[in-house]
1. Only one of (1) under 14 Å from the mean Cα position of the chain (by Cα); (2) over 30 Å from ALA251 (Cα atoms) fails for ARG145. Which number is that?
2. Any chance you could count how many residues in segment 149-187 are at positive phi and among the small types (Gly, Ala, Ser)?
3. Quick check on GLN241: is it of a type outside the set (Ser, Thr, Tyr), more than 30 Å from ALA108 (Cβ to Cβ), surrounded by fewer than 24 Cβ atoms within 10 Å (Cβ to Cβ) and without any contact (Cβ under 8 Å) to a residue 40 or more places away in the chain?
4. So, in segment 263-289, of the ones that are assigned to a loop (DSSP other than H, G, I, E, B) and of a type in the set (S, T, N, Q), which residue ends up surrounded by the fewest Cβ atoms within 10 Å (Cβ to Cβ)?
5. List the pairs whose first member sits in segment 106-135 and is among the acidic types (Asp, Glu), whose second member is in a loop (DSSP other than H, G, I, E, B), and whose Cβ atoms are under 8 Å apart, counting only residues at least 6 apart or on separate chains?
6. What are the pairs, 6+ residues apart or on separate chains, where a residue within segment 326-339 that is touching a residue at least 24 places away in the same chain (Cβ under 8 Å) and buried (at least 16 other Cβ atoms within 10 Å of the Cβ) has its Cβ under 8 Å from a residue that is part of a helix (DSSP H, G or I) and among the acidic types (Asp, Glu)?
7. Could you tell me how many of the residues in segment 290-325 are surrounded by 14 or more Cβ atoms within 10 Å (Cβ to Cβ), out of contact with any Ser or Thr (no Cβ under 6 Å at 6 or more places or on another chain) and assigned to a helix (DSSP H, G or I)?
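Bear in mind that the values in this text are calculations on the coordinates, not laboratory data. Fair warning: this is a prediction, and the values are worked out from it, not measured in the lab. Methodologically, a virtual Cβ is constructed for each residue, glycine included, from the backbone with ideal geometry; neighbour enumeration extends over all protein chains shown.
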Amino acid sequence: MAANARDFLGRLLGARSTLEVETIMAALPIVPPDQYQWLPGDERLGTWQRGKLHWVPVGRDRGNGGRIKLAGEPMNPLAERLVNGMESLIELARLQERIKNPTASMPASPREAVFRYFGFPKLDAIERLDDDERKEKSALADKVRKHLSIRLDLEKKRKEFTVTIRDHGMGQTPANIHNSLLSLGRTDKADKPYLIGVFGQGGSSAFSIAKYSIVVSRRAPDIRKSGEGDGAGWTIVREIQPKGLRGAYYAYLAATEAGEVPFVDAAQADAAQFEQGAHFCHIGYDFGVSDSSIARTMYQSLNHVLFNPVMPYELYALRNTPEPMKGTAQRLARRVRMLGRNVALDKSFAQQPVL
């Protein structure tokens, strides 16, 4: 199912509040959960209505509530989303390599992959290089970070946060989004040592912290296979609480009974300037606080959680200028370089006699 309005994707990508999402959904042919619903096992409440959108459980697992609510702290799923973005950029480079050289051996680790495809070593190690090489490698890292970003927005009237993670990596075709970005526990990473995660689930916990989540993805053109659509798949994720039942679950808008998401064609994706990669927008994200101090907390927390990430990214925390994010390890290494190699960062203690 393709969305007909020419500006639909632009409005969806620009949505930053629950009101905007609900306005968009009000104009869509969505079957209410009480008219069509997944039940435990293979049973369904109601019948599929052709030409309309239906709420289908994330991972097509009616009991996904407990698995998705695994996040212990709101920052962790966001860090997982950023790691997914890094993997998407690495996988894109790997697929491009295989197109040029089908017999090319795979990198043995994520860091080896980053060095092979993007040309820079560990981010903290860059700070220990001599001046010329440090500037060269830093420039390469800064070029890469522009392809992965996380943005924090605040709707002041409702005191409502929105977090958007955007990567310009490999992306997914509309027909495969339900099997990849919306899957739970399914993975094709186990035999790819150059990727970071394995189980493909951590970032999904963000669905439980947001009131709505918007997911959009488009396959990179140079790795798209013959016959694969050039449009952008999209969906909206929310919690469903069935009447009379205790088990809430998380569901996304699906266009087919097999679970495929709706999409816009290539012309509409181009008009919205959505070229490739993935867009995860978590609206009404509950950090546990409702003031702008979360911007400072986000900078500190993400640098801590992603202590020494394989590649950098950009943080837009309530402003339109990015903060380069390279992890606390790089910040410490830079501090050592600026202060001198003989300076200790930890507090020193005078020697004490042993009694």
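1. Every condition holds for ARG145 apart from (1).
2. As a first pass, look at segment 149-187 and keep what is at positive phi: 159, 171, 185.
Keeping just the survivors that are among the small types (Gly, Ala, Ser) gives 171, 185.
The number of residues fulfilling the criteria is 2.
3. Values: of a type outside the set (Ser, Thr, Tyr): yes; more than 30 Å from ALA108 (Cβ to Cβ): yes; surrounded by fewer than 24 Cβ atoms within 10 Å (Cβ to Cβ): yes; without any contact (Cβ under 8 Å) to a residue 40 or more places away in the chain: yes.
Against the criterion (of a type outside the set (Ser, Thr, Tyr), more than 30 Å from ALA108 (Cβ to Cβ), surrounded by fewer than 24 Cβ atoms within 10 Å (Cβ to Cβ) and without any contact (Cβ under 8 Å) to a residue 40 or more places away in the chain), GLN241 qualifies.
4. Step one: filter segment 263-289 for residues assigned to a loop (DSSP other than H, G, I, E, B), giving 265, 272-276, 284-289.
Adding the requirement that they be of a type in the set (S, T, N, Q) leaves 273, 276.
Values: GLN273: 9, GLN276: 23.
Looking at residues that are assigned to a loop (DSSP other than H, G, I, E, B) and of a type in the set (S, T, N, Q), I get GLN273.
5. Listed by first residue and then by second, the contacts come to GLU112/TYR194; ASP124/ASN308; ASP124/GLY327.
6. GLY327/ASP124; ALA329/ASP124; GLN330/ASP124; ALA333/ASP124
7. 8
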